[in-house]
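The values are calculated or read from the model by the stated rules, or taken from the named source; none is laboratory data. As the structure is a computational prediction, the values presented were derived from the model and not from experiment. Cβ sites come from the backbone with ideal geometry, for glycine too, and all protein chains shown count toward neighbours. Ligands, DNA and RNA are excluded from the accessible area calculation, which covers all protein heavy atoms including side chains. Shrake-Rupley method; radii C 1.70, N 1.55, O 1.52, S 1.80 Å.
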Amino acid sequence: MKRESGAGIARRGLLRMGIFVAAVAAVPTKLWATITKPSAAFAATDMDGTFAALGQTPAESAGIIFTTPDIAENGAVVPIKIEVDESLLPGVRRLYVMVEKNPNPMAAMFSMIEGTRPYVETRVKVAQTCNLYAVAETDSGFYMASKETKVTLGGCGG
Amino acid sequence: MAGKIRIRAQLDGDTCEVKALMRHPMETGLRKNQAGDAIPAHYIEEVTVTHNDQVVMHSYWGAAVSANPFLGVRFAGGQAGDTVKVMWRDNTGATDEGETTIR
């Protein structure tokens, strides 16, 4: 039977999609049921709004070790690292990264399962000199650490 | 899959350190091109790291993550030869994944 090549390609695409969906569906439902995108927090335009969307203003915690550059020559690529001292701050389920003066401060949210270290490393855009926040969510509430990064070149392709 | 994710998983004691480098423009939707037209937002929204098909880390991202994103995570319980995968989905619905074995 002859089949149009276009249909074949579409079919393959669907198959790929299926594999991805299957991979997602195979994970423990308990975990996925509890993780929905906190859209309001991602849409908030200032820190107060972001904390309000999360439901709580975090308390300062020495247990969060937040590593950021003091001066970033390029605001488009600012490396950050969040580590949590589990003896000071146990039971971390999520880590958040926020950049105070970005159009939307919330940059990313990371959910860990048991066995995953409360540790994350990534790179974010920082529009202008401001405070960066590392927020940890535990069973007993939200905690944070903040550090200022000076930006000498903007994060918006400047 | 296109396989544009470079990924490495290495054991350090009982902890497995995963490092992944994805290729993606991560457009915020706020920039304009030379003609002054807004460049549409195009960024990775969701990233998942699995170990032997068990999710160890799931994340939601905004457009503030840098272009060609780097991600480092650590989990316990990995053994040499185990499979580690990193998958992403962006705001246009495109997906990609990368796979490696723990060293």
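Classified by the C-alpha gyration tensor, segment B:5-101 has a prolate form. Its axis ratio a/c, with a ≥ b ≥ c, is 1.5 or above, and a/b is larger than b/c. The charge dipole of segment A:37-151, taken about its Cα centre with unit charges on the Cβ atoms of Lys, Arg (+1), Asp and Glu (-1) only, comes to about 360 debye. Between segment B:1-76 and segment A:114-155, the C-alpha centres lie 16 angstrom from each other. Which of the three applies to segment A:37-151, rounded, prolate or oblate, going by the alpha-carbon gyration tensor with a ≥ b ≥ c and a/c under 1.5 meaning rounded? Judged from the Cα gyration tensor, segment A:37-151 comes out oblate (a/c at least 1.5, b/c at or above a/b). Our summary gives chain B a relative contact order of 35 percent, counting only alpha carbon pairs under 8 angstrom and 6 or more residues apart.
Interface area, chains B and A: about 3200 Å² of buried accessible surface, summed, with a 1.4 Å probe and ligands, DNA and RNA left out.
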